[in-house]
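This report refers to the structure that appears directly beneath it.
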Amino acid sequence: MKKKIGVSAILFTMLILLIAFMDNTKRNEEEHLQDDINKKEEIKTQRDEIKELIDSMSINEKIGQLMIVGFNGTSVDENINDLIKTSYIGGVILFGNNVESLNGVTELINNIKLSNMNNKIPLFISVDEEGGVVSRTPNEFLKLPSSLSIGAYNNKEMCYEVGEIIANELKLMGYNMDYAPVLDILSNPNNTVIGSRAFGRDADIVSNLGISVMKGINENNVIPVVKHFPGHGDTSVDSHYGLPLVEKSLNELKELEFIPFQNAINSGADAIMVSHILLKNIDSENPATMSKKIVSDILRDEMNFKGVVISDDMTMAAIMDNYDIGEASVKAINAGVDIILVCHGYDNEIKVLTSISEAVNSGEITEERLDESVYRILSLKNKYDLSDTTKMNSIGIEEINNKINNLFY
């Protein structure tokens, strides 16, 4: 009799536990469902706010967002001040000639932001900071080795730390966007433009290490722009000085050059730079920057990239020696590029702005097409909570240099 009671008690206890478990599971499912609903509502609210902001913008304000420009000197001159205040440009890019010291570049960036204080949209403050030969950090920072040297370690954790270091260096100066990492595969030994800037000669190494750097940058709240789609590794001409030609088929590109970019997209890449490379067997007339087949059909539709597409510098010889920069920029936007990068020459910058404005006014660029790019740009700025107010980074130069020293020296 006691045995029967014992069994009954155990069964009763198990039933109570099962009911409690099912009840708890149901509550967890309901909580997760509510979380999903809340997230969707938050995303919808953000989308509505961005749409409302776009609706409140003038055509000139929208056009300005499609440009990132460079300028000479270590102070805000009349030209860049005018481009910011009256042309509403979306951002600036700084080079070595803009950077003399940590204090100097920090003051310059603060003054750039100050020029934009009365505008609705914060600026992209951007730079090429890859480490190695492409570095714009002032001398107070220890230099990072080249990507090829880092790639020799084949260590994802190390590469994440490299991305983290780069982000903290840039935040200390006031930057919020970095044209890095390089996802080109060094497959051509005669390549003069990529060389040691690549992580290696293998698609998996470039993917794994490049994406680790990308995550180290973006998870520390700086926007990484991976480059140079569709792949600059198998070129023998430097697009700074001429128009590179690649004769590979689409299938060959998919089997090598596209792999790191596809993996980066699958890993949440926010922005991709498209290069001035002529892919003869895909679009024999237009370099990638100006090719709807490459930007819209391949990068956006086939590879499912939803983020911001930025052109390489339109003042490179690949464009300037072969095309009118204004017409090329309009063609790039209609191909699907969101941001036109014009690094050198105030006259070039005005010509691009004027050409885009005339194309919008004539209907060559539709307002719907314009709004598509502005929406992507504002969504990216919103995601990273960009602001023109000065923020001090909690990590200082000594700590950054110690990390570099411990990793490599």
Anything in segment 174-199 that is among the β-branched types (Val, Ile, Thr), open to solvent by 10 Å² or more (accessible area, probe 1.4 Å) and farther than 25 Å from ILE68 by Cβ? List them, or say none.
THR192
Looking only at segment 94-148, and only at residues there that are among the hydroxyl-bearing types (Ser, Thr, Tyr) and under 30 Å from SER56 (Cβ atoms), the one that is surrounded by the fewest Cβ atoms within 10 Å (Cβ to Cβ)
SER115
Could you please find all residues in segment 155-173 being of a type outside the set (D, E, K, R), open to solvent by 10 Å² or more (accessible area, probe 1.4 Å) and in a helix (DSSP H, G or I)?
MET158, TYR160, LEU172
For segment 319-368, which residues satisfy the criterion of being under 20 Å from THR86 (Cβ atoms) and of a type in the set (Ser, Thr, Tyr)?
SER329, TYR346, THR354, SER355, SER357
I need the full set of residues from segment 61-97 which are farther than 20 Å from GLY174 by Cα and touching a Leu at 6+ places or on another chain (Cβ under 9 Å), in order please.
LYS62, ILE63, GLY64, LEU66, SER87
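The values are calculated or read from the model by the stated rules, or taken from the named source; none is laboratory data. These figures come from a predicted structure and were not determined experimentally. Glycine gets a Cβ as well: all are built from the backbone with ideal geometry, and neighbour counts include every protein chain shown. In case anyone asks, the SASA skips ligands and DNA or RNA and just uses the protein heavy atoms, side chains included. Shrake-Rupley method; radii C 1.70, N 1.55, O 1.52, S 1.80 Å.
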